[in-house]
Every structure is written in structure tokens, then in C-alpha cells.
1. How many residues are buried (at least 17 other Cβ atoms within 10 Å of the Cβ) and either among the β-branched types (V, I, T) or over 23 Å from G204 (Cα atoms) (or both) when one looks only at segment 139-163?
2. When only residues in segment 50-66 that are touching a residue at least 40 places away in the same chain (Cβ under 8 Å) and within 26 Å of the chain's Cα centre (by Cα) count, which is nearest to A310 (Cα to Cα)?
3. Any idea which residue in segment 271-280 is farthest from Q250 (Cα to Cα), counting only those that are in contact with a strand residue (DSSP E or B) (Cβ under 8 Å, 6 or more places away or on another chain) and assigned to a loop (DSSP other than H, G, I, E, B)?
4. In segment 22-42, which residues are modelled with pLDDT of 95 or more and farther than 15 Å from P62 by Cβ?
5. Test each condition in (1) out of contact with any strand residue (DSSP E or B) (no Cβ under 8 Å at 6 or more places or on another chain); (2) surrounded by 14 or more Cβ atoms within 10 Å (Cβ to Cβ) for L96 and report the one that comes out false.
6. Sort out which residues of segment 202-238 are among the polar types (S, T, N, Q) and either assigned to a helix (DSSP H, G or I) or touching a Lys or Arg at 6+ places or on another chain (Cβ under 8 Å) (or both), and write them in order of number.
7. In segment 353-370, what residues are surrounded by fewer than 19 Cβ atoms within 10 Å (Cβ to Cβ), assigned to a loop (DSSP other than H, G, I, E, B) and of a type outside the set (D, E)?
8. Could you run through segment 164-205 and say how many residues are of a type in the set (G, A, S) and either surrounded by fewer than 17 Cβ atoms within 10 Å (Cβ to Cβ) or farther than 17 Å from G224 by Cα (or both)?
Amino acid sequence: MKHITQLLAAAAVSLAIALPAHAETTLTIHYPMPGFFKDVMDTISKKFMAENPDIKIQFASPSATYEEGIQTILRQAGTSEMPDITFIGLNRLRMLDERDVAVDLGPLVQTDGNMAEQGFSDTILKLAQVKGKQFGLAFATSNPIMYYNADLVKAAGGNPDNPPKTWDEVIALGGKIKALGNGVDGIDFRWQGDDWMFSALLFGAGGKMLSDDESKVAFNGAEGQKAVEVLHRLATEGGMPVFTKPAGEQAFAAGKVGFEFQTTGALRNTIKNVGDKFDLRTAKIPLIDPVNGRLPTGGNAVVILTHDAAKQEAAWKFAKFAAGPYGASVVVPGTGYVPNNELAAKSPEYLGDFYKQNPLFQAGLSQMPVMIPWYAFPGSNGVKVTQTIVDNLSRIVDQSADPKEALDDAAADVAGMLPRS
């Protein structure tokens, strides 16, 4: 018996030597805004691990906002706490470049050789480039749209089948909805948190944040003045109170607000929160200048941080999977973001028939031709610049400052935060 046991043990050792070791690679992933992305990330990671059993995905604590997310990554850079992969707001990729934190994916893209065949066109790749360097793959892209309560629109004398096309029409109808009383407000415009919705007004007027050489503030020019005048009128004529972001979303979902203006990325949550309380509709957001107006591209990109060779190979697989056709087929229905992968948008296997069957999602898709990059301020003060703009928008909404005064104050403060040449 002892002899047989020794033979079996020897055979087991020989078999272990003959077979290759099954090394598991673990990737730690950080992402923002769990309210939007937790279910999406869980679904994508489970599918990825099923197809790649040698790679394990674990998640770091998510950040509440894009701003908190970039601050977290910059604090953790170079430490053992830094994740292997992160999802960064498109307007904060520049900060990673300036601090040399993220991996340049250019060599991986070139080695791969067939990115277009995987649905990553040059246009899509450029969404996550900084000065020609590929710092990520666009994961979730969005534009701002108009959500509206068709029941309140009808009650105020509007036509839900022909929603407002201009800001003048929005403001007039918002005022009528406010006049209905019973605790109803006309409008919620999501100006809080970052400069994205201000960009929607500014870019929609044909304006820009800084001069072409980025040496001077440009957002307080004629286009910027038109933008803040609209914001002022939303508050004074359109029945828009001083909401916090969550309060505005909750009031709209409860049927107490006529119009809500925010990211198409909130669409799935809005549909769920509204339920059958009222007839929810969506439409394009008005442009101050219908000819030259543009809209900011919101959203984030998947970014690789690890320089470990084995982890980097696994991270590249995950990045392409998450930003690829399967990932897009989860992100779009699960949130409301517009597709950032051409295979996903065209193939019946993924999203080809989705928009025909889900008309609420068509507003964001129809605005893709006017999407331009979400502006990234240069230098180390990007987050402070954003907060300065938001603080002054608050003064306009609560009517503690004249729109031009608040805009000029913001411009003066931001000018002092720009890098000195």
C-alpha cells in the first residue's frame, strides 16, 4: 500500500510539472457615479470574467462625481492604493496627461492593428485623446437633452407632441406650468456640480471657454452673456427654483416639474423613477444659435494606470471589452448614454433595433452630429476653475447677482488660475 501511495504522489508531481500553471491576474477597477454605473459595471465585469477565466475583476470604492474621481486618482498615483484601471470624465483626461499618470495606449492601439474592425473609428478614438496621445477609450458618451412631463405641458396649454424648439418657448411654457400652482415648478436645469450644462448654453450659442491659444478667458464674451441671460430667465420667468441636483431630479420624477434639462445618461434612472406617474417624453435641447451652436460631449473613458506587464495585457483586454460593442449594448439601455462603438450602434445583435423600440432614447442619438469635446481647462487648477464657474452660476440662479456681474467675476477669477506662459 505504501508503494502504491508513493507512486500516486510521484505521478501527481509529474502531472503538475507537465501542465502549465494557471496564473490568475486580478485587476482593481475604479469608477465614478455608482447611481449610473454600478449595475452596468457589474454586468460587464461578470460577462468579461466568464469569457476570460484567468482574469479576476475587483472594484475599488466608487467616487460620487467625476471631480471626486480625478482627485482620488491623483492622490493615489504612485501608491499601492492606485487602481489598475479607472474611468475618468472626458474633460479630466488632460490632467492625467499633465501629471504623467495614465498609460499612453497608442502603442497598444498600433500593435492591435484592427481597432476600426472592432468598432473603434478614428472619430471615436479621438474622444479620449489629449494632444494626439491615446489616454483611454471612450466608454460612456452623452449630450444634454430635454426631459418633459407631457401631462403638465398639456395642462399649461402646450402641445406635448410639438415640444418647445427655442429657449424663449421653453421659458414661456415653464412660466405657465409654474402658474398651475399646487407646488408645481416650471423648470429644472442641472447647472450644479460642474461646468457641463453651462457649456451646453455657451457652446449652444457658438461660444468657447478660452481663446484659441488658451491664454485668455473667452466665456464672458457675447456668447457667454447670452448663455447666462438664458439661465437668469429660466429662474426669473421660467419657474425654476434653486434646486440641488438630487432635489431637482426627485421633484421631476414626482411629477412636480415641467421640464428637466440634463444628461441623456440619466434617462434609464429617470424612466425607472417616474414609473407610471406621468407621461414622460424627451426632445432635443434648444440651441441659442441653431446654425453655429454645438453641444458638449459628456461621459468618461476607460483609462489604464498599471505599468505591470501582465496586468497591462489584461487591462487592455478589459478596456476593449468594456468600450466595445458588448459594453455599449449594456451602457446604452442601462443608462441612456449614446453609443460610442460603431459596431454596437449598427448591429442588430447589439443596438441596431433598440432605438426603434425605445423612442425616449432617440433625442440623444439625434444630437450626435453637433457634439464637440467637453472642454478641459489647462494647468493644475481645472477642478477649481470648474467650481468657480459653478459658484457664480449659483449667484445667477438665486438672483443674488446680475448675470453679467457674475459672469465677469467668474472670468476674472478663472483668468488668475490659468497657467502662466
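1. 9
2. I57
3. For segment 271-280, the residue satisfying everything is D279.
4. T25, T26, L27
5. (1)
6. Here is the first cut: in segment 202-238, the ones among the polar types (S, T, N, Q) are 211, 215, 220, 225, 236.
Passing the criteria: Q225, T236.
7. Of everything in segment 353-370, just one residue is surrounded by fewer than 19 Cβ atoms within 10 Å (Cβ to Cβ), assigned to a loop (DSSP other than H, G, I, E, B) and of a type outside the set (D, E), namely N358.
8. Result for segment 164-205: 8.
The values are calculated or read from the model by the stated rules, or taken from the named source; none is laboratory data. These numbers were taken from a predicted model, which means no experiment stands behind them. Please note: Cβ atoms are built from the backbone with ideal geometry, for glycine as well, and neighbour counts cover all protein chains shown.
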